[in-house]
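Heads up, the thing below is written out as structure tokens.
The values are calculated or read from the model by the stated rules, or taken from the named source; none is laboratory data. Fair warning: this is a prediction, and the values are worked out from it, not measured in the lab. Here Cβ is always computed from backbone atoms with ideal geometry, including for glycine, and neighbour counts include all displayed protein chains. Please note that ligands, DNA and RNA were not included when accessible areas were found on the heavy atoms of the full protein model with its side chains. Shrake-Rupley method; radii C 1.70, N 1.55, O 1.52, S 1.80 Å.
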Amino acid sequence: MKLITRFAPSPTGPLHLGHAYSAMLAHDMSVAEGGDFLLRIDDLDQSRAREHWEEQIYEDLSWLGLSWATPCRKQSECQSQYDRALTALWDKGLLYECTCSRRDIRDAQSAPQEGAPLLGPDGLIYPGTCRAHSGVDEVPTNSRPKNVTLRLNLSKALSHPTWSSKLFTKRTAMPEELACFIEMGPLANTRAQTYEFTREQMLATIGDVVVCRKDMGAAYHLAVVVDDTAQKVNHVVRGDDLLEATMIHRILGHLIGNDVDLSYSPPNYYHHPLVRDDVGKRLAKRDDARAISKYRSEGASPQDIRKMVGLD
Ligand code: GLU
Ligand code: ZN
């Protein structure tokens, strides 16, 4: 099978060394295997996306010597696909509206159960306040509400009846093929490792994530799964800060895969370590000092950048 990798930056600031590393890694892997490297513009959050940052992405990556198929996918142009995926989930009764503010979530968590982790891939783990009011036991008769925040009812999703019982294992109470993903990155001890997770682990460490943001028409987890599936990405290269989120992506992929004229087949993952600054802090968009364009204006060559991130 042809290897398809991607780099999916958000045009909300300059690309820095960490982005260069991720993009070059994904690019090199596909080139080495005669595959395809895709560039995707993750501009779902239109309140933060800027055209000049998008232009800068093209410029920086071209300068680094990368090439990609054009035109590249932009999330802002794919709303109809996100809508179809959300509607499919809604019609299965797997979503509910959440009206909590960040503060509400913090307050509801102020007396957490002992030992329960508080942080998941999206920050505070949602305590389920609105789930309790949502009557989610039935399949909804109303159509999906628009311009509201929607969360995935994870517990319900993990025991969804459309999954045939023979797929369930006693150990995980989840379809066996779902309870894992293949990790190819340095986190795996061997060349490839099956990363397993249980239903309980997911409920405790991830919770009911937001799949549609009130102001955006979708949310990251939903969009990234639809995007990667639509683009047939089979080797997802990205930072290891997203390792935990991969569990939710596996579940979402399975849930929407056959409903949205997409054909989901789980990609392999390569989670790479994040590039850090001199004091060990991960680089952020605001670290303009590490911007690729800055190194470039100071006379660095693409080869120098490769060396700096340890790719040569
Ligand atoms: N746009 C996302 C980011 O910048 C992409 C994440 C991913 O690779 O899944 O973090
Ligand atoms: Zn809520």
Residue list for segment 9-32, filter: in contact with a Ser or Thr (Cβ under 9 Å, 6 or more places away or on another chain) and either aromatic (Phe, Trp, Tyr) or assigned to a loop (DSSP other than H, G, I, E, B) (or both): Pro9, Pro14, Leu15
Scope segment 280-312; condition acidic (Asp, Glu), without any contact (Cβ under 8 Å) to a residue 40 or more places away in the chain and in a loop (DSSP other than H, G, I, E, B); matching residues: Glu298, Asp312
Leu86 under 26 Å from Thr12 (Cα atoms), touching a helix residue (DSSP H, G or I) at 6+ places or on another chain (Cβ under 9 Å) and part of a helix (DSSP H, G or I): yes
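Any residue at all in segment 264-275 that's away from ligand 1 (no atom under 15 Å from the Cβ), closer than 24 Å to Leu150 by Cβ and outside any strand (DSSP E or B)?
Pass one, segment 264-275, residues away from ligand 1 (no atom under 15 Å from the Cβ): 264-265.
After this cut, where a residue has to be closer than 24 Å to Leu150 by Cβ as well, the list is 264.
From the residues that got through so far, the ones that are outside any strand (DSSP E or B) too are 264.
There is at least one residue in segment 264-275 that is away from ligand 1 (no atom under 15 Å from the Cβ), closer than 24 Å to Leu150 by Cβ and outside any strand (DSSP E or B).
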Complete set of residues in segment 30-83 that are touching a Cys at 6+ places or on another chain (Cβ under 9 Å) and farther than 21 Å from Asp215 by Cα: Leu38, Leu39, Arg40, Tyr58
Cβ pairs under 9 Å, 6+ apart, first in segment 87-109 and in contact (Cβ under 8 Å) with a residue 12 or more places away in the chain and at positive phi, second surrounded by fewer than 19 Cβ atoms within 10 Å (Cβ to Cβ) and part of a helix (DSSP H, G or I): Gly93/Lys156
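Conditions (1) at pLDDT 95 or above; (2) acidic (Asp, Glu); (3) over 23 Å from Ala20 (Cα atoms), marked per residue:
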| residue | (1), (2), (3) |
| --- | --- |
| Val211 | yes, no, yes |
| Ala218 | yes, no, yes |
| Asp228 | yes, yes, no |
| Val237 | yes, no, no |
| Asp240 | no, yes, no |
| Leu243 | no, no, no |
| Met247 | no, no, yes |
| Gly253 | no, no, yes |
Boolean, Asp104 is open to solvent by less than 50 Å² (accessible area, probe 1.4 Å) and more than 22 Å from the chain's Cα centre (by Cα): no
Candidate set: segment 189-243, residues that are basic (Lys, Arg) and outside any helix (DSSP H, G or I); chosen: the one surrounded by the most Cβ atoms within 10 Å (Cβ to Cβ): Arg238
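Matching residues to (1) open to solvent by less than 50 Å² (accessible area, probe 1.4 Å); (2) more than 18 Å from the chain's Cα centre (by Cα); (3) hydroxyl-bearing (Ser, Thr, Tyr); (4) over 24 Å from Pro267 (Cβ atoms):
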{"residue": "Ala23", "(1), (2), (3), (4)": "yes, no, no, no"}
{"residue": "Leu61", "(1), (2), (3), (4)": "yes, yes, no, no"}
{"residue": "Arg73", "(1), (2), (3), (4)": "yes, no, no, no"}
{"residue": "Leu86", "(1), (2), (3), (4)": "yes, no, no, no"}
{"residue": "Tyr96", "(1), (2), (3), (4)": "yes, yes, yes, yes"}
Number of the exception - Asp43 against (1) of a type outside the set (Lys, Arg); (2) in a loop (DSSP other than H, G, I, E, B); (3) within 27 Å of Asn234 (Cα to Cα); (4) away from ligand 1 (no atom under 16 Å from the Cβ): (4)
Residue tally, condition out of contact with any helix residue (DSSP H, G or I) (no Cβ under 7 Å at 6 or more places or on another chain) and among the aromatic types (Phe, Trp, Tyr), over segment 259-311: 1
Hits in segment 244-261 (condition: part of a loop (DSSP other than H, G, I, E, B) and crowded, with 19+ Cβ neighbours inside 10 Å): Val260
Residue check, Gly185 crowded, with 17+ Cβ neighbours inside 10 Å, out of contact with any Lys or Arg (no Cβ under 6 Å at 6 or more places or on another chain) and either at pLDDT 90 or above or within 30 Å of Tyr21 (Cα to Cα) (or both): yes
